[in-house]
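One structure is given below, encoded as structure tokens.
The values are calculated or read from the model by the stated rules, or taken from the named source; none is laboratory data. Fair warning: this is a prediction, and the values are worked out from it, not measured in the lab. Every residue, glycine among them, receives a Cβ derived from its backbone with ideal geometry; neighbour counts consider all protein chains shown.
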Amino acid sequence: MKTYDVAIVGAGPAGAVAGFLCAESGLKTVIIEKKHLPRYKSCGGGVTARTIELLKRVNCFDPGCFDSFVEQLTVHLPGAGRAYRVRADKPFMGFVRRADFDMALTRMAQDKGARLRTGEAFQGFRAANRGKLEIATHSSVLESRILIGADGYTSRVRKQLERRCRTVSPVPALLGIEGDLKADAVHSLSSGHCHLFFNVSPAASYGWVFPRGDRLNAGLLIHMGALKGRHPNRLLDGFVENAINPTALLERRGGGMLPLFKRVKNPVLQRENVLLTGDAAGFADAWTGEGIYYAVKSAMLAHQSIRRSFGGAKGGLMEYSRLYRREILNELTLSYLFFLFFRRLPRAYHLLAHERIRRLFVPYIRGESGYPKILVKALAYSLGYKFGMLADNRDPMF
Ligand SMILES: Cc1cc2nc3c(=O)[nH]c(=O)nc-3n(C[C@H](O)[C@H](O)[C@H](O)COP(=O)(O)OP(=O)(O)OC[C@H]3O[C@@H](n4cnc5c(N)ncnc54)[C@H](O)[C@@H]3O)c2cc1C
């Protein structure tokens, strides 16, 4: 039976980056992926500058798999017939096709020495001799000291871990639904911009149009609890027709669930020698749906605690939960509060008419400031406008 130090289930950004870092640290690492690579993954493909910074920091960044980078964001409030622009002095977001992006990250992990087993679906694990885990896929069995669940929203690793801990915490869901439009079919949108549309439907947090080569990717982030019998495809068609262009047709459609992060007292992130990362751990921004950043970040934290554990440090893998509380929990909790706030008070999106408030989001996407700063500044500016201490700098573009 093959024996490894670290076995990782899933070759998305969380699994690939964890594989890269563990192999680079000299650990015998294997990545098990049920599909053959490159595999299709439904996604807007927006990679924020803060994610790029993380990838650069660990030398796991390949600019070759990016279609474009943007410095301009247009915020649309279609109901009010308004659109506003935010211009940054350097790119704050890049766009990828996930098949290429995930493949490039996995190749980098292989270059560091990680073994890749594709077309093998993880089935389960059990404790074996000498503190090891026996891991079964549908076609083979292997042994590993540590198992990382990076197998996305429907994670089998998480389900098994929760069964063992007798604490099943259902992960509430957001639904991302998207499709491609021919770029030349949409003349009304400025090219080279990233476009966000708010207040497009009571079920959707927002809609997006992202530039991806000769195509535009259009999609909606939907709260499953607010669908109320509406068909997601109809919502997407309505969004394209009403907010973008009545004659544009979607050439391809896709969709998938992503976790809606809710603060739970004791999330099952690590038990014994098993750790969960990325979507499998329930990590995605509840308001924006950004998950790639948290996939990469949690892979880095998992690696940090695994290295400590192999180095014989006290606390071993339990360090992972501590790092999560320090580096992820607050940010995701605030993203959930933002999500709730805008669901209850959609009119608050009209604050985006103020240039100062729009500009708050660029440093956030870049990773230069977090939600707490946005919150404090947005409150201060709103009060400033209300009491006439700040000039009302609403600037409708259309
Ligand atoms: C429509 C949509 C649009 C989105 N847009 C964005 C965006 O623009 N920007 C952003 O940051 N985030 C976006 N997200 C969220 C983002 O896609 C996820 O948060 C991110 O992919 C999580 O990465 P991951 O590595 O944890 O999991 P995944 O990328 O889901 O990878 C999990 C991998 O595990 C494999 N796997 C699953 N089960 C098994 C098994 N039993 N055995 C072996 N392998 C298995 C899967 O095949 C997959 O390759 C979007 C999500 C959706 C649905």
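Checking the conditions here, which among Asn266, Asn242, Asn199 is buried (at least 16 other Cβ atoms within 10 Å of the Cβ) and modelled with pLDDT under 95?
Residue meeting the stated conditions: Asn199.
Among the residues of region 216-230, none qualifies, meaning not one is in contact with a His (Cβ under 8 Å, 6 or more places away or on another chain), closer than 15 Å to Cys43 by Cα and modelled with pLDDT under 95.
Please specify each residue of region 311-332 satisfying the condition of being of a type outside the set (Lys, Arg) and under 18 Å from Asp285 (Cα atoms).
Within region 311-332, Leu323, Tyr324, Glu327, Ile328, Leu329, Asn330, Glu331, Leu332 qualify.
Would you say Thr106 is within 14 Å of the ligand (Cβ to nearest atom), within 19 Å of the chain's Cα centre (by Cα), among the β-branched types (Val, Ile, Thr) and in a helix (DSSP H, G or I)?
yes
Scanning region 323-333 turns up no residue that is more than 28 Å from Met224 (Cα to Cα), in contact with a helix residue (DSSP H, G or I) (Cβ under 9 Å, 6 or more places away or on another chain) and aromatic (Phe, Trp, Tyr).
With a requirement of 1 or more residues that are touching a strand residue (DSSP E or B) at 6+ places or on another chain (Cβ under 7 Å) and within 30 Å of Leu147 (Cα to Cα), the strands (runs of 3 or more DSSP E) lying completely within region 203-282 that satisfy it span 252-259, 274-276. In region 302-313, is there at least one residue being of a type in the set (A, V, I, L, M, F, W, C) and either assigned to a strand (DSSP E or B) or within 16 Å of the ligand (Cβ to nearest atom) (or both)? Yes - at least one qualifying residue is present in region 302-313.
Taking region 173-197, which residues are more than 16 Å from Arg253 (Cα to Cα) and away from the ligand (no atom under 16 Å from the Cβ)? Talk me through it step by step, then tell me what you get.
Within region 173-197, the subset more than 16 Å from Arg253 (Cα to Cα) is 173-174, 184-197.
If the condition is that a residue be more than 16 Å from Arg253 (Cα to Cα) and away from the ligand (no atom under 16 Å from the Cβ), then Asp184, Ala185, Val186, His187, Ser188, Leu189, Ser190, Ser191, Gly192 are the ones that fit.
Just to check your reading of the model, which residue among Val296, Val274 is buried (at least 20 other Cβ atoms within 10 Å of the Cβ) and within 24 Å of Lys132 (Cβ to Cβ)?
Details: Val296 fails: within 24 Å of Lys132 (Cβ to Cβ).
Going through Val296, Val274 in turn, the sole match is Val274.
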